[in-house]
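Below is one structure, written out as structure tokens; comments come after it.
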């Protein structure tokens with residue numbers, strides 16, 4: 001009605017990939033360049049992971065998930081950036097170890113720090129940036145165009161030149177001692193040892209960390225109108241591009257509706273069309289089904305999400321007809337065109353049996369059928385409150 | 001369960017037909033489809049109802065939410081405003097003894113989203129009209145064209161001890 005689309009809305013995108021999984025996946029050699037594995041690996045900082053699946057499937061695979069998956073652990077610390085460069089911390093975690101760290105703050109307005117693979121990224125306001133004396137590049141903040149208001153400094157702390165006493169390094173030390181002095185909340189995850197946080201002699205324990213273990217939260221969704229995926233998968237290949245986009249869009253909307261536990265999905269919902277005209281995709285063929293959500297909330301590394309995904313693939317492939325979805329939301333997203341996260345949906349294998357030549361042995365359950373996955377990668381939404 | 005067995009049978013009967021020889025052929029490169037959506041039909045909003053001090057602590061229900069929304073839209077745009085279709089996806093009432101939080105999730109046609117946001121954020125309801133509302137206001141907590149990007153929030157709560 002009003003063609004007045006704002007700038008932020010125009011920048012929002014959803015990248016959809018429909019791909020067939022390989023028939024067999026070796027956990028030691030993940031096809032990391034293929035969707036959805038590449039997507040999982042490309043999201044380093046994650047605050048929420050949710051798995052959605054039929055309840056009867058969950059009850060079958062629950063024991064194996066619980067035994068095979070270690071619970072993700074992380075720590076919340078309150079420290080100044082200079083603590084990163086303390087000898088012990090620096091040598092243990094950055095030079096020889098591998099950690100994931102992210103600071104509080106909103107991209108676009110606050111100073112935000114992330115540390116990943118030894119690379120420290122600092123997003124700073126112009127005034128602070130100039131005072132640090134470090135070299136960076138202008139960074140989009142979503143504010144005025146062409147005005148360089150925010151800057152990104154990227155420092156690879158693993159370079160051989162990054163050592164106490166070297167000139168370039170001393171400049172960073174100086175900036176942390178004189179300009180970026182403010183203490184802030186950080187989340188910390190040690191990629192080398194998930195459980196090693198407890199050991200008293202670790203350098204992280206000098207900054208009084210608050211150790212947190214992510215416990216999954218189980219959420220029941222009873223009698224959810226569920227579209228017929230079995231039929232859909234077959235149909236996907238024959239759809240025109242426009243239909244496919246629309247179909248995949250409404251499927252991702254449906255999954256998000258499950259995540260937010262919307263009453264519109266309940267088989268018993270009789271809301272007046274004046275209040276809502278939402279309809280489940282393929283409503284006339286949908287069936288009410290009990291679903292289950294498993295939700296982890298915390299700093300969760302992509303490696304753990306990959307393990308979860310592989311585990312889910314492994315444990316659901318015996319019952320060929322089960323589907324599941326994995327929804328992941330990123331932490332500390334950038335102000336402009338920041339990545340929001342992604343959703344992967346693995347369709348039941350039944351529909352792909354004709355097209356997949358490798359699925360001939362799937363009756364045995366020894367070889368994974370080449371199931372079809374849909375992957376939605378989202379960017380650019382604006383979320384101002386937790 | 002009945003669906004399961006049905007599906008299994010279909011797999012079993014089909015595979016021998018399409019796969020008569022037991023060849024271990026090199027796995028065919030699975031075809032992959034990519035597309036980018038920029039203009040989906042809807043925009044989703046997560047709204048918070050801000051009650052003014054002293055208003056009745058009554059949990060929000062869909063009908064009064066719709067009334068508040070319509071009132072904001074008609075104040076901003078007149079009759080045209082009330083014609084914007086709004087779907088209420090969910091209402092969350094969280095109330096403890098001290099605080100009350102009413103969250104409403106809605107979706108509107110994407111082209112109307114920016115005017116809806118303007119209308120809602122400039123509105124202060126109640127006061128003169130007779131509906132039992134008292135003074136209330138809307139705050140936009142999240143806005144996006146893909147619902148999946150909004151449901152999990154920003155994660156900023158993790159930093160708070």
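Only one entry of A:79, A:101 meets the criterion of being buried (at least 20 other Cβ atoms within 10 Å of the Cβ) and closer than 27 Å to residue A:308 by Cβ, and that entry is A:101. Here are the criteria: (1) under 26 Å from residue A:379 (Cα atoms); (2) away from chain B (no Cβ under 14 Å). Tell me which single one residue A:332 does not satisfy. All conditions pass for residue A:332, except number (2). Filter region A:10-41 down to the residues that are more than 9 Å from chain B (Cβ to nearest Cβ) and touching a strand residue (DSSP E or B) at 6+ places or on another chain (Cβ under 8 Å) and list them by number. Within region A:10-41, A:36, A:39, A:40 qualify.
Taking region B:135-161 as the range and being touching a residue at least 60 places away in the same chain (Cβ under 8 Å), crowded, with 24+ Cβ neighbours inside 10 Å and in a loop (DSSP other than H, G, I, E, B) as the test, the residues that pass are B:145, B:146, B:150.
All of A:135, A:114, A:67 fail the test of being outside any loop (DSSP other than H, G, I, E, B) and not assigned by TED's automatic domain parsing to the domain that holds residue A:370, apart from A:114. What about residue B:94, is it without any contact (Cβ under 8 Å) to a residue 12 or more places away in the chain and touching a strand residue (DSSP E or B) at 6+ places or on another chain (Cβ under 6 Å)? It is true that residue B:94 is without any contact (Cβ under 8 Å) to a residue 12 or more places away in the chain and touching a strand residue (DSSP E or B) at 6+ places or on another chain (Cβ under 6 Å). Does residue B:95 qualify as being more than 11 Å from chain A (Cβ to nearest Cβ) and exposed (fewer than 15 other Cβ atoms within 10 Å of the Cβ)? Against the criterion (more than 11 Å from chain A (Cβ to nearest Cβ) and exposed (fewer than 15 other Cβ atoms within 10 Å of the Cβ)), residue B:95 qualifies. The residues of region A:277-306 that are under 15 Å from residue A:36 (Cβ atoms) and either free of Cβ contacts under 8 Å to residues at least 40 places away in the same chain or crowded, with 18+ Cβ neighbours inside 10 Å (or both), listed by number, are A:302, A:305. On inspection, residue A:48 qualifies as at the interface with chain B (Cβ under 7 Å from one of its Cβ atoms) and within 30 Å of residue A:204 (Cβ to Cβ).
Conditions tested, residue by residue: (1) part of a helix (DSSP H, G or I); (2) in contact with a helix residue (DSSP H, G or I) (Cβ under 8 Å, 6 or more places away or on another chain); (3) without any contact (Cβ under 8 Å) to a residue 60 or more places away in the chain.
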| position | (1), (2), (3) |
| --- | --- |
| A:211 | no, yes, no |
| A:221 | no, yes, no |
| A:250 | yes, no, yes |
| A:258 | yes, yes, no |
| A:264 | yes, yes, yes |
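To keep it simple, each residue is scored yes or no on (1) touching a strand residue (DSSP E or B) at 6+ places or on another chain (Cβ under 9 Å); (2) at pLDDT below 90; (3) farther than 23 Å from residue A:341 by Cα.
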{"site": "A:188", "(1), (2), (3)": "yes, no, no"}
{"site": "A:201", "(1), (2), (3)": "no, yes, yes"}
{"site": "A:210", "(1), (2), (3)": "yes, no, yes"}
{"site": "A:218", "(1), (2), (3)": "yes, no, no"}
{"site": "A:256", "(1), (2), (3)": "yes, no, no"}
{"site": "A:262", "(1), (2), (3)": "yes, no, no"}
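Note on region A:127-152: among residues that are closer than 21 Å to residue A:12 by Cα and within 26 Å of the chain's Cα centre (by Cα), the one that is modelled with the highest pLDDT is A:139. For region A:266-294, a tally of residues being over 27 Å from the mean Cα position of the chain (by Cα), part of a loop (DSSP other than H, G, I, E, B) and more than 8 Å from every other protein chain (Cβ to nearest Cβ) returns 9.
When you check residue A:269 against the structure, is it at pLDDT below 95 and at positive phi, yes or no? No: the conditions fail for residue A:269.
Taking the conditions (1) over 23 Å from residue A:201 (Cβ atoms); (2) assigned to a loop (DSSP other than H, G, I, E, B); (3) away from chain B (no Cβ under 12 Å) in turn, residue A:105 satisfies each one other than (3). Out of all the residues in region A:11-39, which are assigned to a loop (DSSP other than H, G, I, E, B) and surrounded by fewer than 22 Cβ atoms within 10 Å (Cβ to Cβ)? Within region A:11-39, A:11, A:22, A:23, A:24, A:25, A:27, A:28, A:30, A:31, A:32, A:33, A:34 meet the criteria.
The values are calculated or read from the model by the stated rules, or taken from the named source; none is laboratory data. Note that the coordinates shown come from a computational prediction; the quantities given were computed from them, not determined experimentally. Ideal geometry is used to build each Cβ from the backbone, glycine not excepted, and the neighbour counts take in all protein chains shown.
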